[in-house]
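Here the structure is laid out as C-alpha coordinates; the discussion comes afterwards.
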Amino acid sequence: MNEETQEESVKEFFGADQFYIWLEEDKARIEYEATLPKVKKRGRKRTKKLYFDYINEKAIVAYNQETEQYKRDKLYREYINYPFNKLVENMIHTFKFYYFDVPYADVKAEVVAFLNEKIHKFTEGKGKAFSYFSIIAKNYLIIANNANYAKMKAKADISVIDEQRDLGGEASYTDFQEVLRDFTDQFVEYYDNNLNTIFTNKRDIIVADSLLELFRIRQNIENFNKKALYILIRERTGLKTQNITKVVNKLKKDFGLMFKEYQRTGHFLRPKS
(Lines give C-alpha, C1' and ligand atoms only; values in the text may rest on other atoms or scores of the structure.)
Protein backbone atom coordinates (compact mmCIF):
# COMPACT_ATOMS: atom_id res chain seq x y z
CA MET A 1 0.00 0.00 0.00
CA ASN A 2 1.53 3.35 -1.04
CA GLU A 3 1.40 6.55 1.03
CA GLU A 4 -1.54 8.00 -0.90
CA THR A 5 -3.60 4.85 -0.33
CA GLN A 6 -2.71 4.85 3.37
CA GLU A 7 -3.72 8.50 3.70
CA GLU A 8 -7.00 7.77 1.91
CA SER A 9 -7.71 4.88 4.31
CA VAL A 10 -7.17 7.20 7.28
CA LYS A 11 -9.53 9.80 5.77
CA GLU A 12 -12.22 7.19 5.19
CA PHE A 13 -12.08 5.79 8.74
CA PHE A 14 -15.26 6.58 10.63
CA GLY A 15 -15.08 5.14 14.12
CA ALA A 16 -16.79 6.06 17.38
CA ASP A 17 -14.91 9.32 17.95
CA GLN A 18 -15.68 10.55 14.44
CA PHE A 19 -19.33 9.54 14.89
CA TYR A 20 -19.78 11.67 18.01
CA ILE A 21 -18.11 14.65 16.30
CA TRP A 22 -20.42 14.18 13.31
CA LEU A 23 -23.43 13.89 15.65
CA GLU A 24 -22.68 17.24 17.31
CA GLU A 25 -22.29 18.88 13.90
CA ASP A 26 -25.56 17.36 12.78
CA LYS A 27 -27.38 18.65 15.86
CA ALA A 28 -25.99 22.12 15.19
CA ARG A 29 -27.21 21.89 11.58
CA ILE A 30 -30.72 20.91 12.72
CA GLU A 31 -30.83 23.73 15.26
CA TYR A 32 -29.73 26.23 12.60
CA GLU A 33 -32.26 24.98 10.04
CA ALA A 34 -35.01 25.32 12.66
CA THR A 35 -34.38 29.08 12.68
CA LEU A 36 -34.89 29.40 8.92
CA PRO A 37 -38.27 30.27 7.38
CA LYS A 38 -40.41 27.20 6.92
CA VAL A 39 -40.90 26.06 3.33
CA LYS A 40 -44.19 24.27 2.76
CA LYS A 41 -43.59 20.94 1.04
CA ARG A 42 -46.08 19.10 -1.08
CA GLY A 43 -46.77 15.42 -0.65
CA ARG A 44 -47.79 13.26 2.27
CA LYS A 45 -46.10 13.99 5.59
CA ARG A 46 -44.78 11.22 7.82
CA THR A 47 -47.03 10.76 10.80
CA LYS A 48 -44.50 9.54 13.34
CA LYS A 49 -40.83 9.82 14.22
CA LEU A 50 -38.70 7.02 12.84
CA TYR A 51 -37.14 4.73 15.43
CA PHE A 52 -34.42 3.73 12.94
CA ASP A 53 -33.09 6.71 11.00
CA TYR A 54 -29.91 8.09 9.43
CA ILE A 55 -28.28 8.61 12.85
CA ASN A 56 -28.64 4.93 13.72
CA GLU A 57 -27.27 4.06 10.29
CA LYS A 58 -24.20 6.24 10.87
CA ALA A 59 -23.74 4.56 14.25
CA ILE A 60 -23.71 1.15 12.56
CA VAL A 61 -21.09 2.36 10.07
CA ALA A 62 -18.97 3.66 12.97
CA TYR A 63 -19.51 0.42 14.92
CA ASN A 64 -18.22 -1.64 12.01
CA GLN A 65 -15.11 0.50 11.58
CA GLU A 66 -14.27 0.96 15.27
CA THR A 67 -11.50 -1.31 16.60
CA GLU A 68 -11.75 -0.62 20.35
CA GLN A 69 -14.35 -2.88 21.92
CA TYR A 70 -15.47 -0.56 24.71
CA LYS A 71 -16.24 2.14 22.14
CA ARG A 72 -18.16 -0.37 20.04
CA ASP A 73 -20.15 -1.41 23.11
CA LYS A 74 -21.03 2.22 23.87
CA LEU A 75 -22.21 2.83 20.29
CA TYR A 76 -24.31 -0.32 20.39
CA ARG A 77 -25.96 0.53 23.72
CA GLU A 78 -26.78 4.11 22.73
CA TYR A 79 -27.70 3.93 19.05
CA ILE A 80 -28.10 0.35 17.79
CA ASN A 81 -29.68 -1.83 20.48
CA TYR A 82 -33.04 -0.02 20.59
CA PRO A 83 -33.66 0.20 16.81
CA PHE A 84 -32.69 -3.47 16.39
CA ASN A 85 -35.09 -4.54 19.13
CA LYS A 86 -37.88 -2.30 17.88
CA LEU A 87 -37.42 -3.48 14.29
CA VAL A 88 -37.68 -7.14 15.32
CA GLU A 89 -40.66 -6.42 17.57
CA ASN A 90 -42.49 -4.71 14.69
CA MET A 91 -41.65 -7.53 12.29
CA ILE A 92 -43.01 -10.19 14.61
CA HIS A 93 -46.30 -8.40 15.28
CA THR A 94 -46.86 -6.91 11.82
CA PHE A 95 -46.36 -10.17 9.95
CA LYS A 96 -47.89 -12.35 12.72
CA PHE A 97 -44.84 -14.53 13.23
CA TYR A 98 -46.39 -16.35 16.18
CA TYR A 99 -45.71 -20.00 15.42
CA PHE A 100 -42.87 -20.62 17.86
CA ASP A 101 -42.59 -23.13 20.65
CA VAL A 102 -40.54 -20.74 22.82
CA PRO A 103 -41.61 -17.48 24.54
CA TYR A 104 -41.88 -14.27 22.51
CA ALA A 105 -38.96 -12.67 24.39
CA ASP A 106 -36.71 -15.57 23.39
CA VAL A 107 -37.73 -15.30 19.74
CA LYS A 108 -37.05 -11.57 19.76
CA ALA A 109 -33.64 -12.01 21.41
CA GLU A 110 -32.74 -14.73 18.90
CA VAL A 111 -33.49 -12.52 15.89
CA VAL A 112 -31.67 -9.51 17.39
CA ALA A 113 -28.66 -11.78 17.96
CA PHE A 114 -28.87 -12.81 14.30
CA LEU A 115 -28.84 -9.15 13.23
CA ASN A 116 -25.72 -8.67 15.35
CA GLU A 117 -24.09 -11.55 13.49
CA LYS A 118 -24.87 -9.84 10.17
CA ILE A 119 -24.10 -6.25 11.20
CA HIS A 120 -20.59 -6.33 9.69
CA LYS A 121 -22.07 -7.11 6.25
CA PHE A 122 -23.91 -3.81 5.99
CA THR A 123 -22.22 -1.61 3.39
CA GLU A 124 -22.83 2.13 3.40
CA GLY A 125 -23.96 3.45 0.03
CA LYS A 126 -25.65 0.24 -1.11
CA GLY A 127 -29.04 0.95 0.46
CA LYS A 128 -30.48 2.12 3.76
CA ALA A 129 -29.64 0.27 6.97
CA PHE A 130 -33.33 0.11 7.87
CA SER A 131 -34.15 -1.73 4.64
CA TYR A 132 -31.15 -4.05 4.91
CA PHE A 133 -31.83 -5.21 8.46
CA SER A 134 -35.61 -5.36 7.88
CA ILE A 135 -35.02 -7.83 5.06
CA ILE A 136 -32.52 -9.83 7.11
CA ALA A 137 -34.91 -10.07 10.08
CA LYS A 138 -37.95 -10.86 7.94
CA ASN A 139 -36.19 -13.64 6.00
CA TYR A 140 -34.94 -15.20 9.23
CA LEU A 141 -38.41 -15.09 10.79
CA ILE A 142 -40.08 -16.51 7.68
CA ILE A 143 -37.80 -19.55 7.69
CA ALA A 144 -38.15 -20.15 11.44
CA ASN A 145 -41.89 -19.43 11.47
CA ASN A 146 -42.63 -21.74 8.54
CA ALA A 147 -40.62 -24.55 10.09
CA ASN A 148 -42.57 -24.28 13.34
CA TYR A 149 -45.88 -23.95 11.48
CA ALA A 150 -45.10 -27.22 9.68
CA LYS A 151 -44.54 -28.88 13.05
CA MET A 152 -47.86 -27.54 14.32
CA LYS A 153 -49.66 -28.88 11.26
CA ALA A 154 -48.26 -32.32 12.00
CA LYS A 155 -49.54 -32.19 15.58
CA ALA A 156 -52.88 -30.38 15.26
CA ASP A 157 -55.97 -30.44 13.08
CA ILE A 158 -55.36 -28.25 10.02
CA SER A 159 -58.71 -26.46 10.29
CA VAL A 160 -57.91 -25.33 13.82
CA ILE A 161 -54.55 -23.92 12.76
CA ASP A 162 -56.02 -22.11 9.77
CA GLU A 163 -58.48 -20.37 12.08
CA GLN A 164 -55.54 -19.15 14.15
CA ARG A 165 -53.81 -17.62 11.13
CA ASP A 166 -54.38 -14.07 10.08
CA LEU A 167 -53.39 -14.10 6.41
CA GLY A 168 -54.47 -10.50 5.95
CA GLY A 169 -52.01 -9.43 8.62
CA GLU A 170 -49.06 -11.16 6.98
CA ALA A 171 -48.32 -8.17 4.76
CA SER A 172 -47.06 -4.79 5.89
CA TYR A 173 -47.85 -1.96 3.49
CA THR A 174 -45.96 0.60 5.57
CA ASP A 175 -42.71 -1.37 5.79
CA PHE A 176 -42.89 -2.30 2.11
CA GLN A 177 -43.34 1.35 1.16
CA GLU A 178 -40.30 2.32 3.24
CA VAL A 179 -38.14 -0.29 1.51
CA LEU A 180 -39.52 0.68 -1.91
CA ARG A 181 -38.83 4.38 -1.22
CA ASP A 182 -35.22 3.64 -0.24
CA PHE A 183 -34.67 1.50 -3.33
CA THR A 184 -36.24 4.04 -5.71
CA ASP A 185 -33.94 6.79 -4.43
CA GLN A 186 -30.93 4.53 -5.03
CA PHE A 187 -32.25 3.53 -8.47
CA VAL A 188 -32.67 7.15 -9.58
CA GLU A 189 -29.17 8.03 -8.38
CA TYR A 190 -27.68 5.03 -10.22
CA TYR A 191 -29.42 5.93 -13.49
CA ASP A 192 -28.46 9.60 -13.11
CA ASN A 193 -24.79 8.66 -12.80
CA ASN A 194 -24.86 6.16 -15.69
CA LEU A 195 -27.40 7.68 -18.08
CA ASN A 196 -24.97 8.29 -20.93
CA THR A 197 -23.58 4.77 -20.61
CA ILE A 198 -26.91 2.94 -20.45
CA PHE A 199 -28.31 4.90 -23.41
CA THR A 200 -26.27 6.11 -26.38
CA ASN A 201 -29.12 7.60 -28.41
CA LYS A 202 -29.73 11.28 -27.56
CA ARG A 203 -33.50 10.84 -27.86
CA ASP A 204 -33.46 7.91 -25.42
CA ILE A 205 -31.39 9.92 -22.95
CA ILE A 206 -33.94 12.75 -23.04
CA VAL A 207 -36.79 10.28 -22.38
CA ALA A 208 -34.90 8.53 -19.57
CA ASP A 209 -34.05 11.86 -17.93
CA SER A 210 -37.74 12.83 -18.02
CA LEU A 211 -38.73 9.50 -16.45
CA LEU A 212 -36.17 9.96 -13.69
CA GLU A 213 -37.58 13.41 -12.96
CA LEU A 214 -41.02 11.83 -12.52
CA PHE A 215 -39.46 9.38 -10.06
CA ARG A 216 -37.99 12.31 -8.12
CA ILE A 217 -41.31 14.16 -7.83
CA ARG A 218 -43.41 10.99 -7.44
CA GLN A 219 -44.87 12.13 -4.09
CA ASN A 220 -46.36 15.17 -5.77
CA ILE A 221 -48.02 13.27 -8.63
CA GLU A 222 -51.58 12.37 -7.75
CA ASN A 223 -52.49 10.49 -10.93
CA PHE A 224 -50.00 7.70 -11.59
CA ASN A 225 -51.90 5.77 -14.27
CA LYS A 226 -49.98 4.76 -17.38
CA LYS A 227 -51.82 7.02 -19.83
CA ALA A 228 -51.32 10.14 -17.68
CA LEU A 229 -47.60 9.44 -17.31
CA TYR A 230 -47.15 9.04 -21.06
CA ILE A 231 -48.87 12.39 -21.57
CA LEU A 232 -46.52 14.03 -19.04
CA ILE A 233 -43.46 12.57 -20.76
CA ARG A 234 -44.68 13.57 -24.22
CA GLU A 235 -45.20 17.13 -22.98
CA ARG A 236 -41.66 17.23 -21.55
CA THR A 237 -39.92 15.67 -24.57
CA GLY A 238 -42.11 16.42 -27.57
CA LEU A 239 -41.67 12.78 -28.66
CA LYS A 240 -44.22 10.21 -29.77
CA THR A 241 -45.39 7.28 -27.65
CA GLN A 242 -43.41 4.68 -29.62
CA ASN A 243 -40.19 6.63 -28.92
CA ILE A 244 -40.95 6.56 -25.21
CA THR A 245 -42.00 2.91 -24.87
CA LYS A 246 -38.53 1.43 -25.51
CA VAL A 247 -36.97 3.46 -22.70
CA VAL A 248 -39.89 2.79 -20.36
CA ASN A 249 -39.49 -0.96 -20.92
CA LYS A 250 -35.73 -0.76 -20.23
CA LEU A 251 -36.23 1.10 -16.94
CA LYS A 252 -39.11 -1.19 -15.98
CA LYS A 253 -37.00 -4.31 -16.56
CA ASP A 254 -34.00 -2.98 -14.63
CA PHE A 255 -36.21 -1.71 -11.81
CA GLY A 256 -37.93 -5.09 -11.42
CA LEU A 257 -34.73 -7.17 -11.47
CA MET A 258 -32.80 -4.82 -9.19
CA PHE A 259 -35.65 -4.43 -6.70
CA LYS A 260 -36.01 -8.20 -6.45
CA GLU A 261 -32.30 -8.45 -5.60
CA TYR A 262 -32.63 -5.53 -3.15
CA GLN A 263 -35.47 -7.32 -1.34
CA ARG A 264 -33.35 -10.47 -1.16
CA THR A 265 -30.07 -8.95 0.05
CA GLY A 266 -30.89 -5.46 1.34
CA HIS A 267 -28.08 -4.07 -0.80
CA PHE A 268 -28.42 -2.02 -3.97
CA LEU A 269 -26.52 -3.86 -6.71
CA ARG A 270 -26.06 -2.59 -10.25
CA PRO A 271 -27.58 -4.87 -12.94
CA LYS A 272 -25.43 -7.42 -14.70
CA SER A 273 -24.71 -6.51 -18.29
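Search the range 178-207 for residues that are within 30 Å of SER134 (Cα to Cα) and pair each with any residue that is among the basic types (Lys, Arg) and surrounded by 14 or more Cβ atoms within 10 Å (Cβ to Cβ) when their beta-carbon atoms are under 6 Å apart and the residues are at least 6 apart or on different chains.
Listed pairs, sorted by first residue: ASP182/LYS128.
I'd like to check something: does the range 17-32 contain any residue that is open to solvent by less than 90 Å² (accessible area, probe 1.4 Å), modelled with pLDDT of 75 or more and touching a Phe, Trp or Tyr at 6+ places or on another chain (Cβ under 6 Å)?
Checking the range 17-32: not a single residue is open to solvent by less than 90 Å² (accessible area, probe 1.4 Å), modelled with pLDDT of 75 or more and touching a Phe, Trp or Tyr at 6+ places or on another chain (Cβ under 6 Å).
Which of (1) at pLDDT 75 or above; (2) over 23 Å from ASP185 (Cβ atoms); (3) open to solvent by 70 Å² or more (accessible area, probe 1.4 Å) is the odd one out, the single condition LYS227 does not satisfy?
(1)
Where the second residue is of a type in the set (Lys, Arg) and at pLDDT below 90 and the first is open to solvent by 30 Å² or more (accessible area, probe 1.4 Å) and lies in the range 245-273, which pairs have Cβ atoms under 8 Å and are six or more apart or on separate chains?
LEU269/LYS126
Kindly provide the set of residues from the range 101-121 that are within 19 Å of the chain's Cα centre (by Cα) and β-branched (Val, Ile, Thr), ordered by number.
Hits for the range 101-121 are VAL111, VAL112, ILE119.
I'd like to check something: does the range 122-136 contain any residue that is at pLDDT below 90, over 26 Å from the mean Cα position of the chain (by Cα), of a type in the set (D, E, K, R) and surrounded by fewer than 17 Cβ atoms within 10 Å (Cβ to Cβ)?
No, the range 122-136 contains no residue that is at pLDDT below 90, over 26 Å from the mean Cα position of the chain (by Cα), of a type in the set (D, E, K, R) and surrounded by fewer than 17 Cβ atoms within 10 Å (Cβ to Cβ).
Of the residues that sit in the range 90-111 and are open to solvent by 20 Å² or more (accessible area, probe 1.4 Å) and closer than 12 Å to SER134 by Cβ, which one is modelled with the highest pLDDT?
ASN90
Inspect all residues belonging to the range 240-248 and state whether any of them is at pLDDT 85 or above, out of contact with any helix residue (DSSP H, G or I) (no Cβ under 6 Å at 6 or more places or on another chain), more than 30 Å from LYS126 (Cβ to Cβ) and assigned to a helix (DSSP H, G or I).
Checked the range 240-248: at least one residue is at pLDDT 85 or above, out of contact with any helix residue (DSSP H, G or I) (no Cβ under 6 Å at 6 or more places or on another chain), more than 30 Å from LYS126 (Cβ to Cβ) and assigned to a helix (DSSP H, G or I).
The values are calculated or read from the model by the stated rules, or taken from the named source; none is laboratory data. Remember, it's a predicted structure, so these values are computed and weren't measured experimentally. Note that we place each Cβ from the backbone using ideal geometry, even for glycine, and neighbour counts take in every protein chain shown. In case anyone asks, the SASA skips ligands and DNA or RNA and just uses the protein heavy atoms, side chains included. Shrake-Rupley method; radii C 1.70, N 1.55, O 1.52, S 1.80 Å.
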